[in-house]
1. May I ask you to list the GluC sites (Glu not before Pro) in the range A:1-68 that are in a DSSP loop and have at most 13 other Cβ atoms within 10 Å of their Cβ?
2. Per residue of A:11-24, count partner chain C-beta atoms within 10 Å of its C-beta, then hand back the mean as an integer.
3. Pairs of Cα atoms under 8 Å, at least six residues apart: use those to get the relative contact order of the range B:109-187, whole percent.
4. Based only on Cα atoms, what Rg/Rh ratio does chain B have, Rh being taken as Kirkwood's radius?
5. Between B:Gln120 and B:Val73, what is 0.36 nm times their sequence separation minus the Cα-Cα distance? Round to one decimal in nm.
6. What's the local net charge at A:Val16, with K and R +1, D and E -1, over the other residues with C-beta under 12 Å away?
7. Take peptide B:60-67, look around each residue's Cβ out to 10 angstrom, count Cβ atoms belonging to other protein chains, and average those counts.
8. Count neighbours as other Cβ atoms within 10 Å of each site's Cβ, and list the trypsin sites (Lys or Arg not before Pro) in the range B:1-79 that are DSSP loop with at most 13 such neighbours.
Amino acid sequence: MMESTVAVPPFESFYVEHRDVVLGFLRRRLGRQAAEDAFQETFLRALRAYDRLDHGEHLRAWVLTIAARLVIDTGRRSKPESYELPELPVEDGRPAYAQIEHLAGRLPPTERAAVVLRYAYDLAYDDIALALDSTPEAARQAASSGVRRLRAGRIHDRYA
Amino acid sequence: MTVTPDLDRRFREAAAAEGLLDVGFDVVESPIGPLLVAATDRGLARIFFDAEPELHLELLAHTYGPRVLRSAVSVDSAHRQLDEYFAGDRSSFELDVDLRGAAPFAQQVLHQLARVPYGQTTTYGTLAAKVGSPRGARAVGMVMNRNPIPIVLPCHRVVGSNGSLTGYAGGLDVKEKLLRLEGALLP
């Protein structure tokens with residue numbers, strides 16, 4: 001069965017709808033000043049990718065994923081050089097979040113978003129709930145059922 | 001958590017400066033009411049008399065691409081020239097235009113329309129003859145009615161063969177006001 005798709009809205013509508021949530025998230029993670037720089041960069045990245053979107057579903061989760069990736073990048077850049085980074089499990093040169101995104105690619109959309117935001121980007125369930133427009137408890141359930149599904153390898157073909 | 005006007009403005013400016021927009025628009029105040037002005041990288045694309053952005057975002061996205069954003073810098077030169085026009089300090093616009101949304105016949109008519117001088121009027125029939133379609137006055141009227149860039153492409157200078165103002169997408173009072181501003185009608 002085909003899932004009905006939502007058209008990509010004009011960028012102005014997308015930006016106005018999600019800008020406050022994105023700024024709130026960035027401020028919690030980075031503090032006031034760094035959040036402002038990251039805010040602009042988040043939406044510039046979204047804008048660069050925007051004409052390649054296939055549909056307008058889960059756009060809040062999408063833009064928060066961009067913001068979360070930026071938080072990780074910002075954290076890396078700001079580490080003093082003498083600081084030894086712990087070894088992350090990396091396969092064929094990709095960072096951990098890329099691997100999780102790849103693995104989760106075949107989950108149903110809500111579970112995929114919850115798993116990626118929780119385990120790849122280390123978002124709190126409050127933020128994931130915001131991204132999914134649901135409750136923290138529902139976000140926790142989506143993430144854990146996504147993980148169970150990944151472990152069991154029970155991924156239905158239609159998400160492939 | 002609310003985005004401050006300053007942060008908002010900086011993002012919009014950066015987006016336009018990086019050339020990431022399919023179309024940038026802003027609302028420009030004028031003596032005939034607020035105008036929604038939209039431009040692409042090819043030039044000025046639209047002027048709407050009804051300046052509520054929500055009414056036009058979908059059309060703009062559909063015609064030019066989804067990266068539609070309000071940004072004053074995108075329509076800077078059009079804004080400045082419109083201000084000068086309404087102040088009576090400008091009699092012709094020096095702006096590139098993007099007529100992508102218009103059919104070939106309409107584009108032809110609009111290019112002829114652009115040559116009708118400030119302060120003068122012409123008729124639908126004359127314009128039709130100029131595009132090699134002497135019986136096409138009615139078709140020309142339709143093109144005027146759907147003119148994507150009124151004021152700059154001066155459809156207000158086109159009147160009926162008996163001199164009556166006929167019609168105008170922005171309302172006949174606006175047409176009259178523009179013609180008076182240009183001295184084409186007695187004040």
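Read-outs: derived from the displayed coordinates by stated rules, not from any lab. Predicted model only: the values in this text are computed from it and were never measured. Heads up, the Cβs are rebuilt from the backbone with ideal geometry, glycines too, and the neighbour counts pull from every protein chain shown.
1. Details: sites: A:Glu3, A:Glu12, A:Glu17, A:Glu36, A:Glu41, A:Glu57; in loops: A:Glu3, A:Glu57.
Qualifying residues, ordered by number: A:Glu3.
2. Details: counts 13, 16, 7, 4, 8, 5, 0, 0, 6, 3, 1, 2, 6, 3.
What the average comes to for A:11-24 is 5.
3. Working: 94 pairs, mean separation 24.3, N = 79.
Over the range B:109-187, the number comes to 31 percent.
4. On the way: Rg = 17.3 Å, Rh = 17.3 Å.
A ratio of 1.00.
5. Numbers: separation 47, 0.36 × 47 = 16.92 nm, distance 3.19 nm.
Length gained, B:Gln120 through B:Val73: 13.7 nm.
6. On the way: positive: A:Arg19, B:Arg12, B:Arg70; negative: A:Glu12, A:Glu17, A:Asp20, B:Asp8, B:Glu54.
Residues close to A:Val16 contribute a combined charge of -2.
7. Working: counts 2, 7, 2, 0, 0, 4, 13, 10.
Shielding by partners across B:60-67 averages 5.
8. Numbers: sites: B:Arg9, B:Arg10, B:Arg12, B:Arg42, B:Arg46, B:Arg67, B:Arg70; in loops: B:Arg42, B:Arg67.
Answer in residue order: B:Arg42.
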